[in-house]
Amino acid sequence: MLIREALAEDFAGLYALDQACFVPGISWSKAELAYFLKYPRNFALVAECGARQIAGFTIAGTLRREGALLGRLITLDVQPEMRRRRVGGILLEAVEERLRVAGAEVLVLEVAVDNEAAQGFYERHGFRRTGRIRGYYLGRIDALTMEKAL
């Protein structure tokens, strides 16, 4: 498996994967995906297997909170048939390393309260629950906030 920077020509595949991973309203519109991919403090990584087949991707970035540089995991999407094959873990490790090099002290994320599989994945990778945001998704589904020291 190859981890590489996302390229402009990956856009259609990344969009299709996000639509496959999340229900309508939680999955992104094309405009939202384009925004997160182009935001100056963000980066996107692709896990590629075989002949340029996208197994998964992630978008992360940095932000400042109370003077500290934080990493923020914006999304981590893995093809349904590639789950439980370490694709997500390898992408997460690549994000963590890149953020450490950038000087981030903590990695934060939000996950839907009803997405127990993702919550378990993040907990297995050292994240802890830190809070709850009411109505974060679709105005009616709460999000858990989680973080991990880098």
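Every number in this text was worked out from the coordinates using simple rules, so none of it is lab data. Please read these numbers as outputs of a predicted model, since none were measured by experiment. Backbone-built Cβ (ideal geometry, glycine too); neighbour counts: all protein chains shown.
Brief remarks on what is shown
- Percent of C-alpha pairs per 10 Å bin in the stretch 2-107, short distances first: 15, 48, 31, 6, 0.
- Note on the stretch 57-150: along the principal axes its Cα atoms extend 32, 32, 19 Å, ordered by decreasing extent.
- Projecting the Cα atoms of Leu138, Gly120, Leu107 onto the charge dipole of the stretch 106-150 (Cβ charges, centred on the Cα centre) puts Leu107 farthest toward the positive pole.
- In this calculation the C-beta distance from Ala102 to Phe22 is compared with R0 = 30 Å, giving a FRET efficiency of 0.65.
- Remark on Ser27: its backbone amide H falls under 5 Å from none of the residues 5 or more positions apart or on other chains, H modelled at 1.01 Å from N.
- Report note on the peptides 47-54, 12-19: ranked by the mean count of other C-beta atoms within 10 Å, highest first, their order is 12-19, 47-54.
- Among beta bridges identified by DSSP and lying wholly in the chain, the antiparallel ones come to about 90 percent.
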